[in-house]
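Structure first, commentary second.
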Amino acid sequence: MLPICFGEATKLAQILTDADKSYEVIASLGKRTTTSDTEGSVVSVRDVNHVTRDMVYEMVDSFRGEQMQVPSMFSAIKHKGRKLYEYAREGIQVEIEPRPINVYNITIREIRIPGYHEVDGKVFVDDNHPASLSSSGSSSSSSSSSS
């Protein structure tokens, strides 16, 4: 939903932008891009074969709660009247102050790492992957069978 304010309603715009929001993210571990998203060019790749399901859950859970966040240079937040992504596209780096955020809820819907695949809690692992040894409560089955 994109709220649009006209006339007197523009006074409410700040309230709307400060409201709680929901995001859906698809993260690709081990790749770094020029824009910190899938749009940018890959600038580095790291091996993630050692990553386990428990490591992913622990890392994602660390995002819960109140924290300070430095907005991405590719955001629409304005600095001196211009959107940050306009500066970024011109290669201009500006100092961005951290902003308070609160992550109330975060849910992992799917994990795909070498030898391991989990969708909405259903797990498929190769027998030799470290995640197959995890005792985190999810049932596991061989990834060689397709369902």
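Readers should treat all values here as calculations from the given coordinates under stated rules, not as data from a laboratory. Computed from a predicted structure; not experimentally measured. Quick reminder, even Gly has a Cβ in these numbers, built from the backbone with ideal geometry, and neighbours come from all protein chains shown.
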Length-normalised contact order of the stretch 17-115 in % [C-alpha pairs under 8 Å, at least 6 apart]:
24
Rg over Rh of the stretch 42-103, using C-alpha atoms and the Kirkwood radius, what does it come to?
1.11
For M68 and S41 in one chain, what is 0.36 nm times their gap in residues minus the Cα-Cα distance, to one decimal in nm?
7.0 nm
Karplus 3J(HN,Hα) series, Hz, for the stretch 98-108 with 6.51 cos²θ - 1.76 cosθ + 1.60 (x for Gly, Pro):
x, 10, x, 9, 9, 8, 7, 8, 8, 10, 8
Would you kindly state how much longer the chain becomes between S28 and K11 on full extension, computed as 0.36 nm times their sequence separation minus their alpha carbon distance, in nm to one decimal?
2.2 nm
Can you run phi through the Karplus equation (6.51, -1.76, 1.60; θ = phi - 60°) for the stretch 77-90 and list ³J(HN,Hα) in whole Hz, with x for Gly and Pro?
4, 8, 9, 6, x, 10, 6, 4, 5, 5, 4, 4, 5, 8
Pair E97, M59: separation of 7 Å Cα→Cβ label points (nm)
3.1
